[in-house]
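The structure appears below as structure tokens.
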Amino acid sequence: MGKLRFHWLLFPFLKLRSSYRRCPLSNRSLIIASVCVIYLLLVVSQAGYSKQHRDRRTDKDKYRHTRGLYTLDNSDAQSDYVDFQTGANSVVPTRSNVVYITLKTKRLKPANIRGTIRPKLRKKVKRITEANSAFTQNKRGTLLRDVGQIQRNFPHKNFLGETKDVHYKLLDIIPTHHKDSQADSHISSIRIYSQRAPPWLSPQDVKAMRFLADAKVLRIKEVSHGDYTSLLIFEGETSVSLGNQRDTQGNNVCGGQCGVISSPVDTTEVFAFHLDRVLGLNRTLPAVSRKFSFLHDGLPGPVLLWDASLYPEGLAAGRATVRMTWGEYQSSLKQKCWHKNISPKPDSDCSTVHHYEWSKLALFDFLLQIHNRLDKSCCGFRPRQEDVCVELGLDAECGNQKHIQLTNIIHRGHDPRHLVFTNNKGFFDRNEDNLDFRLLEGIKELPESAVSVLQSKRLREKLLQSLFLDETYWESQGGRQGIDKLIDVIERRAKVLLTYINVHGIKVITMNV
């Protein structure tokens, strides 16, 4: 085609050839110059056309191999999707610094734990109702009340009708053909989609959570020990060792790996566990929410890891408890007991607990408004009529606060310097104008690891990531909307606490003990 076009353009030149010899010399020169110019233009245009055609073919080949790619221009940090199959508009890169990133057609695991929820499986589970409603109702009543506290205040009454010996009752409430629907589903309710859990949860925490949520229930025991609340303990089937499970006193409480079943109303135990880990305190026992088809009408309730080290002398002797009054507690704060590993004087009011432990306990209890340890008589806030301290008349003791006994101050038998936060019954419905500041009385230092989280504005993000792991608890609280409401309460109290720190000159120090 190019040759035909070229000869056609040279035809006038051949026509002029006949009259070439008849022209004068000046005219001949003009004609020769014109022909040379025309020839040069034709050559240049032909070369440009060929180069443009080759460039177009090169671009088509390149985009044919980059189908389904994102083109990222580093200069303006924007990306455009290129898809030739759907005919979508594409952006032709005009710069040399274009980066091509191959996209996977399907994500097996979400990249962001926080914003992704695994779809529910539509699996029908047939609920089995056995003739055990009487046990369920009786057990619910025993778990709702602190019987030990009632008996200490009313010693002439015996609510359990038992001595201080340990009583065991193997409960035959698990149908042989259906042990536990949640464990038999082979789908864990602990959602860890990434390669590892959040950094504030240790590998031991993750193992404990998976055991409590997914272990097959072998047997359940109801354990009564003196004037303490009876325990409902289940033994699960697992191949991992969780530590501090075996009973060294021969009480035959747990023969393998066990968990303690709590009432469905004590859901703050699960939230308290995650808050404790996010703040870096590490003082609570692992806890998850779990449903038992044969208990509590299938309602989800907290399950805590059984720790035999809390009962160094056996269940009959009770847990390793620090016994001291409010006055002795305030005196020990001033003396900074065991600070810098200095042994206190024999005549001091110091206990076996390290000074920093009280600061961690005060911060934790204030955020959750747990008053059953440092303020059992409700002297630091306005209690409601249905609160236990009002029902038992404990608020009348506030007139002589120095002699009020602290309760539920627990430590492990082999580690008397560090506390274990148990029975974490918090209150999310208490307004900011009725917070219990008595919990912070006498505290002059707070742990830097916890305060830094409150100041970093990342408390919500971390709590969401942590609580999302426990699917049963997440759904029982109403999903993301319900969890956000709980975190709203903690964030408002955190702001109040930070203001309290600034106003009272509380020191924020490292507490690595």
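So here's what we get for this one:
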| item | result |
| --- | --- |
| Probe 1.4 Å, accessible area per residue of the range 446-513, Å² | 46 Å² |
| The range 307-402: equivalent-ellipsoid semi-axes (sqrt of 5 x gyration tensor eigenvalues, Cα, Å) | 26, 19, 14 |
| Viscosity 1.306 mPa s, 10 °C: Kirkwood-radius Stokes-Einstein D of the range 382-435 over Cα pairs, µm²/s | 114 µm²/s |
| Ratio of the Cα radius of gyration of the range 362-474 to 2.2 N^0.38 Å, where N counts its residues | 1.22 |
| Distant-in-sequence amide H partners of I509 (H built 1.01 Å from N, under 5 Å) | L446, E448 |
| 32 Å Cα-Cα threshold exceeded, pairs from K207/K336; K221/K462; K216/K462; K336/K376 | K207/K336; K221/K462 |
| Karplus-derived HN-Hα couplings along the range 504-513 (A = 6.51, B = -1.76, C = 1.60, θ = phi - 60°), whole Hz, x at Gly and Pro | 9, x, 5, 7, 10, 10, 6, 10, 9, 9 |
| Long-range HN-HN contacts of L305 with modeled amide H, under 5 Å | V260 |
| Segments 348-354, 329-335, 30-36, 467-473 sorted - mean Cβ within 10 Å per residue, highest first | 467-473, 348-354, 329-335, 30-36 |
| Ordering of 298-304, 280-286 by burial proxy (mean other Cβ atoms within 10 Å per residue, highest first) | 298-304, 280-286 |
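The values are calculated or read from the model by the stated rules, or taken from the named source; none is laboratory data. Being a predicted model, the structure only gives us computed values, none of them experimental. Cβ atoms come from the backbone with ideal geometry, glycine included; neighbour counts cover every protein chain shown. The area values use the complete protein model at the heavy-atom level, side chains included, leaving out ligands, DNA and RNA. Shrake-Rupley method; radii C 1.70, N 1.55, O 1.52, S 1.80 Å.
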